[in-house]
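**Q** To start, I am sharing the structure in question, which I have written as C-alpha cells.
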Amino acid sequence: MKLFIIANRLPIKANRNENNELEFTRSEGGLTTGMDSLSMNVEKHWIGWPGTYTESEVEEKLISQHLEKFNFHPVFLSSDQILNYYEGYSNSTLWPLCHYFYTYVEYENLYWNTYKQVNELFAKTTLDLIGPDDIIWVQDYQLMLLPRMIRNSAENVSIGYFHHIPFPSYELFRVLPERAELLEGLLGADLIGFHTHDYMRHFVSAAERVLDIRFRFDQVLLNNRIAYVDAFPMGINFDLYFNAINQPVVQEKVDAMRETYGKHKLILSVDRLDYSKGILHRLRGFAQFIENHPEYREKVSLAMIVVPSRDSVDRYAALKTKIDETIGTINGKYSTINWTPVYYFYHGFPFEELVALYHMADIGLVTPLRDGMNLVAKEYLAAKRNKAGVLILSEMAGAAIELNDALIINPNNIEEIENAIYTALEMPEEEQMRRMRKMQQSISRKSVNKWANDFVNELKAISIKNEGLNTERIDHQTKLKIQAEYRATKKRLFILDYDGTLAPFKSKPEEAIPSSETYRLLKKLASDPKNKVVISSGRDRDTLEEWFGNIAIDLAAEHGACYKEKGVWIDNVSDEVPWDNEIMEIVQNFVDKTPRSKIEEKNTTLVWHYRNVDTWLASLREQQLFEALMIPCARLGLQIMRGNKIIEIKSPLHTKGSEARRLMATDDFDFILAIGDDTTDEDTFRELPSNAFTIKVGSISEVAHYSLKSQSKVLPLLDIISD
Ligand code: GDG
C-alpha cells in the first residue's frame, strides 16, 4: 500500500543556476511535516508541478529521474497552463469566490478549460502510478476535479480531498457557472475534509442544492459508495516552534533584534501578499491607534512582513501599491528621529529569523477578512516558550474557533483593531501567560501530525466500509448460481418492481414508458409455464393494464390494493377512497406552498410528489407534511409512507409486503426472485423466505441479499439467469 499526496506544487523546486545546471531546493511546509509524521507504515509519494517550465523532453526526463529517487512525480506544465489554470481559474476565480470577494471573481472560458485540462494531466499521471490498494490524498482548490477524474478510471481506489481555504455559502457558490462540475469533482472522493464545521456545512448545502442529492448529516450515498465530509482543523509542528528558542542561532537573532528595536514594544504581522489577509485594515487600525493614543508614540512599532505572492496578477500588484502608499503615509506623518512606526519587509525570512520575531513580538496581529485556517496565528503562540505575548485574531480566520483565548476582533471594524491593540498593550503579564498557556496546550495536542493521521485513518476506515458495500453486489459467480437454480426448479415466482427497476426512474412519471427490451424480456419470462411473473407496483391499475394488459403476466397495482391474476382484476379494498377532505386540503396546501411539487390521486392512494423541488425546501416540507398528516391519518387509520421523493397516504391493509404474502400463498414455489429499488420494495423482501433471491437496485439495503449498481443492469441480469 502506498500513499499518494497530490498537490499543485511538489515540496521541491527544480531550477537552472547561473551555470545552467539543474538545481533542486526542498521546501518543508506544514504539509510535508504532517505527512512525514504519519504513524502508519506506508510508502509516501508526491505528485505535483516541479515549479519550473521546460520545453525539452530530455530535461523533463532528467528532472523526473532525479525527483523519482525521492518518490516525487512531476506533472510538467507550460507557462500558459500556469497562467490560465493557476493564476487564472484557481487564483482569479476560485480564490476570490471562496474568500467572499465576489466582485473580484473573473469568469473566463479559457481559465476553466485549462483548469480542466491540467486536472486531467494530474489524473493521468496519478493513474499511471497507482495500484488498487493505494491511498490518494488530493490537496486543495487547484485540483477540485481530480477526485472524480481518478474515480472514473479507478472505481475502487481510496481517495481523500482536503480543502485548505474557506468553502463559501451556497448563495455565493451558485454564481459559478461550473458549480456542478466542481462539486461532482469533489464527490469523487471518499472523504472530503475542511478546516471547520462551517465550511463543511456550506459544502453539504451547496452539493444538495446543486446536485439534487441528500446527505444524512456527514454522508451521502452515491452509486453504492458512501462519500463522507468532516472537519479536520489543521495544526502546526508545535515542537519545532516551541523548541526553536533553544537553538543558539535563534537566540542570537532575538538578541540582535532587541538591539535594533530598542525598548519599543513590537507588534508583528506575517502574511503572503493577499487581499484576503486584511493588510490594509490592519494598517488603518494601527494608524488610528497611534493617532488616538499619543502616549504610545515612540513606544510601539509594527513590524509587517509581507511575503511576495502572485504579484504578476494585476489585483495583487495594485494591493502592493496601496500597502506601500499607506505605510508611506503613516511613517511620513508619525515618524520621529527615534522612532519608525511601521517596519515593512516585502520579502520572506529564513525560518530562524521568523521564529525569533515570533518569540520576541509582544503582540501577534492577525486580521484576515477571510482565512481558511491561518497557521501564522498558531506559530506565533507556539514560539512563545516561557514568554508572554498577546494574539489579536480576526474572527474570520478558521483558527478563531479553536483559539478563543486570543483577543478576537472583527477586522471590518477598525475601532476594534485599535482597541484590541490598546487592551493587549495594557494586559498584565500574568493574564498574558495564562491565556498563552491555555492556547499552547490546545495547539500542542492538535499538531499537524495529528491532523494528517486523523485524516488518513478516517479515510482508511471509510474505504473498508465502502469495500463492504461493494461485496454485496451481484458478481458473475452469483449470476451463475441464480441461473443454475433457475434451471433446476419448476415453480418459479418473479416479483418485479417497475419504476427504477424495469424502467429508469423519471422525474415525470408519464415518461417512464416500457422499452421494447422490457417487453421482450417479460414475454421471454412469461413464455415458460414454470414461471409466474408479477409486476408489483405503486402505479394505478389503468396504467399497468394499458402497458402490460396484453402480456401473460400478473399485475399488482397501488401496492396490491388491486391485482390481476390469470387475466382478471380483483379489488382488495372497497372502491371508496380512504382519505377525507381534511387530508386532501392539507396535501393541496403543501402543493400550493411548495413550488414544483404535485399531488396525484390514485384509487386507493394519495401521493405528494416532490422530486423536482429544491432539496432544502423539499426536506423541510416533507417533514412538515408528515407532521401535519399524523393526527388526521391516525383518526382514519391511514398509513403515511415515505417513498422515493414522494409521500403516500394509503390504507395500511395493503403493502407490497402483504401482496408478497398473498402471492406466496398461491403456490408452493421452489424459486423466488424479487427485485426493486424503493423502500416499499423492502416490504416485499422482508416477507420472502431466506432462500429467495432479493435484489435491491441502486443502493444497499439491510433486507435484500444482493444489490445491483444501477437500473441499467436489471434487464441484462434477468436475461442471463433465464437463459
Ligand atoms: C492556506 C490558507 C490555511 C509566511 N511568511 C514566511 C513564512 N511563512 C509561512 C508561515 C505559515 C505559512 O507561510 C502561511 O500559512 P497561512 O495558514 O497563514 O496562510 P496561507 O499561505 O494563505 O495558506 C490558510 C493554510 O493554507 C493551511 O491549510 O491555514 O487559511 O489560506 O506556515 O510560517 N515562512 C518563512 N518565512 C516567511 O517569511 N520561513
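The values are calculated or read from the model by the stated rules, or taken from the named source; none is laboratory data. Every value quoted in this text rests on a predicted model; they were computed, and no experiment measured them. A quick note on method: Cβ atoms are made from the backbone with ideal geometry, for glycine too, and the neighbour counts reach across all protein chains shown. Keep in mind that these areas ignore ligands, DNA and RNA; they rest on the heavy atoms of the full protein, side chains included. Shrake-Rupley method; radii C 1.70, N 1.55, O 1.52, S 1.80 Å.
**Q** Over 20 Å intervals from 0, what percent of Cα-Cα pairs in the chain sits in each interval?
**A** Spelled out per bin, shortest first, that is 15, 37, 28, 16, 4, 0.
**Q** Within the range 2-231, what is the number of lysine pairs with alpha carbons under 15 Å apart, leaving out pairs fewer than eight places apart on the same chain?
**A** 5
**Q** Based only on Cα atoms, what Rg/Rh ratio does the range 652-723 have, Rh being taken as Kirkwood's radius?
**A** For the range 652-723, the value is 0.97.
**Q** Multiply the residue gap between TYR422 and LEU221 by 0.36 nm, knock off their C-alpha separation, and tell me the result in nm, one decimal place.
**A** Taking TYR422 through LEU221 to full extension adds about 67.1 nm, to one decimal.
**Q** Using a 1.4 Å probe over the heavy atoms of the protein chains, calculate the carbon and sulfur portion of the accessible area of the chain as a whole percent. Kindly include the intermediate steps, with their values, before the conclusion.
**A** Numbers: 15020 of 31130 Å².
Ligands and nucleic acids excluded, carbon and sulfur give 48 percent.
**Q** Now for a different question. Just to confirm my numbers, what's the Cα centroid distance between the range 286-326 and the range 380-423 in Å?
**A** Taking the Cα centre of each part, the range 286-326 and the range 380-423 sit 18 Å apart.
**Q** Give the Cα extents of the range 27-143 along the principal axes, in whole Å, largest first.
**A** 46, 37, 29
**Q** Of LYS645/LYS713; LYS378/LYS465; LYS277/LYS438; LYS438/LYS465, which pairs sit farther than 29 Å apart, going by alpha carbon to alpha carbon?
**A** On the way: LYS645/LYS713 22 Å; LYS378/LYS465 35 Å; LYS277/LYS438 26 Å; LYS438/LYS465 38 Å.
Cα-Cα > 29 Å for LYS378/LYS465; LYS438/LYS465; rest within.
**Q** Could you bin all the Cα-Cα distances of the range 581-650 into 5 Å bins starting at 0 and give me the percent of pairs in each, rounded to whole numbers?
**A** 4, 17, 34, 28, 13, 4, 0
**Q** Multiplying the sequence separation of LYS481 and THR329 by 0.36 nm and subtracting their Cα-Cα distance, what value in nm do you get?
**A** Net length gain for the segment: 46.4 nm.
**Q** Order 484-491, 449-456, 129-136 from most to least packed using the mean count of other Cβ atoms within 10 Å. Could you put the intermediate results ahead of the total?
**A** Numbers: 484-491: 13.0, 449-456: 20.6, 129-136: 16.8.
Peptide ranking by packing, descending: 449-456, 129-136, 484-491.
**Q** Then there is this: Can you sort SER707, SER516, SER205 by solvent-accessible area, 1.4 Å probe, largest first?
**A** SER516, SER205, SER707
**Q** Could you compute how much accessible surface HIS202 exposes when probed at 1.4 Å, giving the result in Å² to the nearest 10?
**A** Accessible surface of HIS202 is approximately 40 Å².
**Q** Local charge sum around ASN386 (other residues, Cβ-Cβ under 14 Å, Lys/Arg +1, Asp/Glu -1)?
**A** Details: positive: LYS384, ARG385, LYS387, ARG434, ARG437; negative: GLU429, GLU430.
Surrounding charge for ASN386 is +3.
**Q** If you don't mind, another one. Counting Lys +1, Arg +1, Asp -1, Glu -1, what net charge surrounds THR336 among other residues with beta carbon under 10 Å of its beta carbon?
**A** Taking every other residue near THR336 into account, the sum is 0.
**Q** Now for a separate question. May I ask you to derive the relative contact order of the chain, considering only C-alpha pairs under 8 Å and at least 6 residues apart, and to give it as an integer percent?
**A** Relative contact order, the chain: 10 percent.
**Q** Given the Cα atoms of the range 486-562, and with Rh set as the inverse mean 1/r over their pairs in the Kirkwood sense, what is Rg to Rh to two decimals?
**A** Here Rg/Rh amounts to 0.97.
**Q** While we're here: As a quick test, which of the pairs LYS530/LYS696; LYS265/LYS384; LYS299/LYS333 have an alpha carbon distance above 21 angstrom in this structure?
**A** On the way: LYS530/LYS696 24 Å; LYS265/LYS384 15 Å; LYS299/LYS333 16 Å.
Pairs exceeding 21 Å: LYS530/LYS696.
**Q** Here's a follow-up. In sequence order, what are the phi-derived ³J(HN,Hα) couplings for the range 577-586 according to the Karplus relation 6.51 cos²θ - 1.76 cosθ + 1.60 with θ = phi - 60°, rounded to whole Hz, with x for glycine and proline?
**A** 5, x, 9, 10, 4, 4, 5, 4, 5, 4
**Q** Using only helices, what value at 222 nm comes out for the chain when you add -39,500 (n - 2.57) per DSSP H run of length 4 or more and divide by the total residues, to the nearest 500 deg cm²/dmol?
**A** It comes out at -13000 deg cm²/dmol, rounded to the nearest 500.
**Q** Here's a follow-up. Going 7 Å from the Cα of GLU517 along its beta-carbon direction, which residues of the range 472-504 have the amide nitrogen within less than 12 Å of the resulting point?
**A** What the label zone holds, given the 12 Å backbone N cut-off, is 502-504.
**Q** Right, another one. Count charges around ASP668 for me, please; just the other residues with Cβ under 14 Å from its Cβ, Lys/Arg as +1, Asp/Glu as -1.
**A** Values: positive: LYS490, LYS491, ARG492, LYS530, LYS532; negative: ASP667, ASP670.
Here the charged neighbours net out to +3.
**Q** A further question on this structure: Normalised by the residues of the range 2-231, what does the relative contact order come to in percent, with Cα pairs under 8 Å and at least six apart?
**A** 16
**Q** Restricting to bridges with both residues inside the chain, how much of the DSSP beta-bridge set is antiparallel, in percent to the nearest 5?
**A** 30
**Q** Right, here's the next one. Just to make sure I understand: if all protein chains stay in place, what is the order of VAL568, VAL613 by accessible area at 1.4 Å, largest first?
**A** Details: VAL568 80, VAL613 10 Å².
So, going from the largest accessible area down, we get VAL568, VAL613.
**Q** Once the range 177-239 is represented by equal point scatterers at the alpha-carbon sites, with solvent omitted, what log10 I(q)/I(0) does the Debye formula produce at q = 0.25, 0.28 Å⁻¹?
**A** Per q value, in the given order, log10 I(q)/I(0) is -1.10, -1.33.
**Q** Hey, another quick one. Given LYS508/LYS650; LYS481/LYS506; LYS490/LYS564; LYS490/LYS523, which pairs have Cα atoms separated by over 25 Å?
**A** LYS481/LYS506
**Q** For the range 94-198, what is the largest minus smallest coordinate of the Cα atoms on each principal axis, given in angstrom and ordered from greatest to least?
**A** Dimensions of the range 94-198 along the principal axes of its Cα atoms: 43, 33, 18 Å.
**Q** Using only Cα atoms, locate the centre of the range 52-112 and the centre of the range 153-204, then give the distance between them in Å, rounded to an integer.
**A** Computed from Cα coordinates, the inter-centre distance equals 20 Å.
**Q** OK, next. At 7 Å along the Cα-to-beta-carbon direction for both TRP616 and ARG272, put a label point, then send me their distance in nm to one decimal.
**A** 3.0
**Q** Sticking with this structure for a sec: How would the range 251-356 be classified by its alpha-carbon gyration tensor: rounded, prolate or oblate, with rounded meaning a/c under 1.5 and the a/b versus b/c comparison settling the rest? Could you put the intermediate results ahead of the total?
**A** Working: a/c = 2.27, a/b = 1.18, b/c = 1.93.
In terms of gyration-tensor shape, oblate.
**Q** Output the relative contact order of the range 239-445, whole-number percent, from Cα pairs under 8 angstrom with separation of 6+ residues.
**A** In percent, rounded to a whole number, it is 26.
**Q** Let me ask something additional. Two decimals is fine: what's Rg over Rh for the range 239-445, C-alpha atoms, Kirkwood radius as Rh?
**A** Taking Rh as the inverse mean 1/r over Cα pairs, Rg/Rh reads 0.94.
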